[in-house]
Amino acid sequence: MKTAFIVAALGLTVGALIFALQRKLIYFPDPSAPTLPDADRERGFEDVQIRTADGLPLRAWHRPPAPGHPTVLIFHGNAGHRGDRLDLIRYLADLGLGVLALDYRGYGGSEGAPSETGLYADAEAAVGWLEARGLERLVYFGESLGTGVAVELATRRAPEKLVLEAAFDSVVAVGQRAYPILPVSWMLRDRFESDRKIAAVQAPLLMLHGTEDDIIPLDHGRRLFDRAKEPKRFVVLEGAGHNDLRLTGDAYFGPLKAFLLD
């Protein structure tokens, strides 16, 4: 009886700590503002500031599209900042696509602290900023945590296309896998339930996922894909983990280029 009481007490203590610190377990921002390299300024990129509806200034890099091309709005993953995605940013620019690489609140020099509702507000502000400049042909590109932001935004403001890299069905499902003995479903405040929203998205969809992803396993992405409407394509990248999908080269960039330029 005493042992059972101790185990239960420990479980409650761990659960309480996770509940109190849950946002620190979801978001890993680098708050420092990355410097835009001179070579990218020569490509046409510039530092911009976007103000949210709740008054926060967000930092981003922007490059307008070549004539006849859409703009890709990038929602990055839960760690780092936009500077860690320069390879993708440059690749998209080289295709003639416009790019807006946004840092959410708390990331990359943007003020505030991240939360689910906050990230959605940041995404809305980014779209409003682009539309105010006459850039209404938009592609949403979500990476990991950013897939939840991209899916939510796509239900509010339909994009021309939607790209999801290493997507989850919901943070609840991912969290339950990580903490199987805890009642994650009722503990989480920031849930990012893309699986409940994806069917409302009307845009063509491309999803890319690695077979060796041990952070968001492949089956989470497949479950989300199964709920999405056509037209859609799921690209499985053999041997890729969570953060190295682009290292697969043509296996990644070939389908991405074809989708974006079609």
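The values are calculated or read from the model by the stated rules, or taken from the named source; none is laboratory data. Since this is a predicted model, take the numbers as computed values, not measurements. Note that each Cβ is placed from the backbone with ideal geometry, even for glycine, and that neighbours are counted across all protein chains shown.
Figures for the structure shown
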{"quantity": "Exclusive hit being surrounded by 17 or more Cβ atoms within 10 Å (Cβ to Cβ) and in contact (Cβ under 8 Å) with a residue 40 or more places away in the chain, set Val172, Val163", "calculated": "Val163"}
{"quantity": "Meets criteria (buried (at least 21 other Cβ atoms within 10 Å of the Cβ), among the acidic types (Asp, Glu), over 22 Å from Gly221 (Cβ atoms) and modelled with pLDDT of 95 or more) for Asp122", "calculated": "yes"}
{"quantity": "Cross-chain or 6+ apart pairs with Cβ under 7 Å, the stretch 51-76 first and over 15 Å from Lys257 (Cα atoms) and hydroxyl-bearing (Ser, Thr, Tyr), then modelled with pLDDT of 95 or more and surrounded by 14 or more Cβ atoms within 10 Å (Cβ to Cβ)", "calculated": "Thr52/Leu58; Thr52/Ala121; Thr52/Asp122; Thr52/Ala125"}
{"quantity": "Search result, residues across the stretch 202-247 that are of a type in the set (Asp, Glu), surrounded by 14 or more Cβ atoms within 10 Å (Cβ to Cβ) and under 18 Å from Asp169 (Cα atoms)", "calculated": "Asp213"}
